[in-house]
Each structure stands twice: as C-alpha cells, then as structure tokens.
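Here is the structure we will look at, set down as structure tokens.
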Amino acid sequence: MKDTGIYIHIPFCERKCPYCDFFSKKGSPALYDEYTDRMCEKVVTSPYKGKIIADTLYFGGGTPGLIGAERIARLIGAVRQSFCIDTDNAEVTVELNPGGEEMDFALLKSAGVNRISFGLQSAVDDELKVLGRRHSRDDVIRCTDYARKAGFENISLDLMIAVPGQTLESLHESVRFCIDQGAEHISAYILKIEEGTLFYRRKDSLSLPDDDETAGMYEYLCKLMKENGYEHYEISNFCKSGHEGRHNLKYWHDEEYLGFGPAAHSFIDGRRFYCPRSFDSFYKDAIIDDGEGGSEEEYIMLGLRLAEGIVSSRFRERFGYDIPQHYLRKCKALSQAGLVHILPDGGFALTEKGFLVSNAVIANLTE
C-alpha cells in the first residue's frame, strides 16, 4: 500500500462570497444528513478501499463547519473503516469559517482532527465587509481561543492580498494579527477576479491595487513573515518550522491523492479523474477521466511553486534520469534576471522575485 492524501469536499455555504468560484450551494440540516450518508457510502465502497494508506485527510469547501462536528466525525470514521490511517502521524485538517456556525472543537479533536484552517481573509472589518465575509476580527480571536482550549496546536489562517481598498498599512494590520494569534501556518493569496463571480461583474468599479502596489504588498508580506520566524515554503504559504501543510504538499510534489465529492479531483496510479461540479453527478457516481498525470513537465510546473524547487536527486528518483539540459540552459538565463537560482545539487528553484511572475517563468521553462 502507498501513502495517499484524501480530500473530502463539503459543498455548502450560507451564501456565496463575491470573489469565490468554488462549487457550493446553500444547504439545510436534512441536506447535510443526506450528503453525509451518501459520502460515507461512497467512502466505504470505494474501489481503492484497503489499497492505500491515508496519511493526510482534508475537509475543504464550501464551508465544512456548516455540517457540524458530529457529521465530520462520522465521515472520519468512514475513512478509517476503508483506508489505513496512522492516527499518531496523519494530518487531519478541517476548514472552518471563524464565525456563524458554532463548532464543537473538543469533538473534532476526539474524532482525530489535528489541524484547523480558518478562513480569516482580513483582520480589518471594513475589508471583510467588502469581501462579503460574515465574521469579524473578534470572531477570529474567539474561535482560535476555543480551538486552543480544545488542544489544537496547529492552526492555519488564510489571508487575501490586493483586495478592494487594501493598503500596505491595512495588510500590515492583518499580517500582524495572524502573528499575534500565534498561527502555526499562514496562507496569503493574491486576489484573482474569476469569471462568473460578483466581483467579475463589478470589476470595473472595484478599487483594486495596481500591479506594482500588489507586488509591493507581496514583497512586504514575505519580509514580515521572515522577520517573525515563518518559513516561506511555497508561493502563497508560510509556516513555523515543521508546520507545512502536508496535504497540499502532495499536490505540489505531484503525489497521489483521492478526492470525494462534486468538483473533487483525484490522481491515482498515473491517472487523473474528477467528479463534475453538480450534486446530480455526485449522487449518480459520475466520474470524468482527465487523462494521464505525473509527466516531467507537470512535475516541474508544480514543484516550482515550492521554495525547495526541483531537486536533482528527487527528479532522478522519480523519472530515472537527470534533469534534461534544455531546462538547465533556460534556468541559467533566468538566473541572470534574478528569477531563478541554481541549487547546489544542480537543480533549480524560483526566487521570491520569480514567485511574483511564476506563471510566466514556468511557461518559459516548459514551452
């Protein structure tokens, strides 16, 4: 059996945030029960039952907290029934909104959850209103305190950069807030205006920072994180030593994971597949084959999101040959522009300047 990450999508939200294009809908207690029942059935009848070891389990959404701790505990039980989990070492994460639903943190802890990811987005209440968030700064303080008292020692806070009306000063306030809360992990994503969202329809009227201001915010955040003891281990992620998000590392290392739920993707035995973005598809067991995965190009594209970059020995172990010379030749030119640095073992990684234009750099390398 091989170590595999398991992702469970909980596609419910009380209302849609204006920037969000994830699959979700408004639910009810009856719908939460129906969905949990069906999800448990899918997990325990999975064709991969008994064939993989789940060393990470991640509940994402949507708003997983809406279904409550008891249903989440049931789902964890179903995963344990079907897949071997090292309860002492597995990472079990639940995404929660810091406000709205009341959460039984003690029950989550006893069920095996050991990592909480709170969707903070901003510690400035005016920015939270613009983002359509229902919680306040004080809600985050209250919820992290409840989680700490229940014994959680691995808490992640999500931030957004370049939101409407944000300034360097307000970003500093949000980052400082995360640090003061003692978050072991901080994710900081630059806002992207996605088609189909309310922000997209209103994009011409939004007061958004320009590209130079956004770059300045990102660079300032990276500097502040480093000064306060956080490792910048991935383009958008920072952590205290030993608290990297292990489940997401599977994606960036191009390792295997198994997804359950509408819009959930999987990568198993060299194949990628997913469930379409609808409840009907989920209930009818519809699965779309997305072709082969794990190619050399894909491995480099994903791995360059990480500060560790593309390590020669790992590349050789994965593919059975050395990093091709055409990548290395391009990296030499990119290193002169300050976008890439060559690793001691002959591999390569993006610099923080390179992180800002990662899509262009990766396209240059893999074209």
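The values are calculated or read from the model by the stated rules, or taken from the named source; none is laboratory data. Just so it is clear, the model here is predicted, and its values are computed rather than measured. Methodologically, a virtual Cβ is constructed for each residue, glycine included, from the backbone with ideal geometry; neighbour enumeration extends over all protein chains shown.
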Pick out the one residue from GLY338, GLY347, GLY294, GLY320 that is in contact (Cβ under 8 Å) with a residue 24 or more places away in the chain and over 22 Å from TYR48 (Cβ atoms).
GLY347
Residues that are over 30 Å from CYS222 (Cβ atoms), outside any helix (DSSP H, G or I) and among the acidic types (Asp, Glu): does region 250-265 have at least one?
yes
Would you be able to say whether some residue in region 256-269 is within 16 Å of the chain's Cα centre (by Cα), farther than 20 Å from SER187 by Cα and among the charged types (D, E, K, R)?
yes
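Counting only residues that are in contact (Cβ under 8 Å) with a residue 60 or more places away in the chain and not in a helix (DSSP H, G or I), which one in region 193-220 is farthest from the chain's Cα centre (by Cα)?
ARG202
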Would it be correct to say that HIS243 is within 30 Å of ILE179 (Cβ to Cβ), assigned by TED's automatic domain parsing to the domain that holds PHE177, modelled with pLDDT of 95 or more and assigned to a strand (DSSP E or B)?
no
Only residues that are surrounded by 16 or more Cβ atoms within 10 Å (Cβ to Cβ) and outside any strand (DSSP E or B): list them for region 266-275, please.
CYS275
Based on what the data block shows, is GLU244 in contact with a strand residue (DSSP E or B) (Cβ under 8 Å, 6 or more places away or on another chain) and not small (Gly, Ala, Ser)?
yes
Restricting to region 143-191, name every residue that is without any contact (Cβ under 8 Å) to a residue 40 or more places away in the chain and more than 25 Å from GLU227 (Cβ to Cβ).
ASP145
Given (1) more than 18 Å from TYR274 (Cα to Cα); (2) surrounded by 19 or more Cβ atoms within 10 Å (Cβ to Cβ); (3) not hydroxyl-bearing (Ser, Thr, Tyr), number of the condition PHE59 does not satisfy:
(1)
For region 151-160, check the following and say yes or no: at least one residue is closer than 29 Å to GLY5 by Cβ and in a helix (DSSP H, G or I).
no
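Is it fair to say ILE268 is touching a residue at least 40 places away in the same chain (Cβ under 8 Å), in contact with a Leu (Cβ under 7 Å, 6 or more places away or on another chain) and not assigned by TED's automatic domain parsing to the domain that holds ASN89? If you could, list the steps in order and put the result at the bottom.
Values: touching a residue at least 40 places away in the same chain (Cβ under 8 Å): yes; in contact with a Leu (Cβ under 7 Å, 6 or more places away or on another chain): yes; not assigned by TED's automatic domain parsing to the domain that holds ASN89: yes.
Criteria met by ILE268.
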Please specify each residue of region 165-193 satisfying the condition of being of a type outside the set (A, V, I, L, M, F, W, C) and either closer than 21 Å to GLU234 by Cβ or surrounded by 19 or more Cβ atoms within 10 Å (Cβ to Cβ) (or both).
GLN166, SER174, GLN181, GLY182, GLU184, HIS185, SER187, TYR189, LYS192
Anything in region 113-136 that is surrounded by fewer than 17 Cβ atoms within 10 Å (Cβ to Cβ) and in a helix (DSSP H, G or I)? List them, or say none.
ASP125, ASP126, LYS129
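For region 319-355, what are the residues that are basic (Lys, Arg) and either exposed (fewer than 15 other Cβ atoms within 10 Å of the Cβ) or closer than 25 Å to PHE238 by Cβ (or both)? Let's see the steps before the verdict.
Going through region 319-355, the residues basic (Lys, Arg) turn out to be 329-330, 332, 353.
Selection gives ARG329, LYS332, LYS353.
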Regarding HIS232, is this residue modelled with pLDDT of 95 or more, within 25 Å of VAL175 (Cα to Cα) and assigned to a helix (DSSP H, G or I)?
no
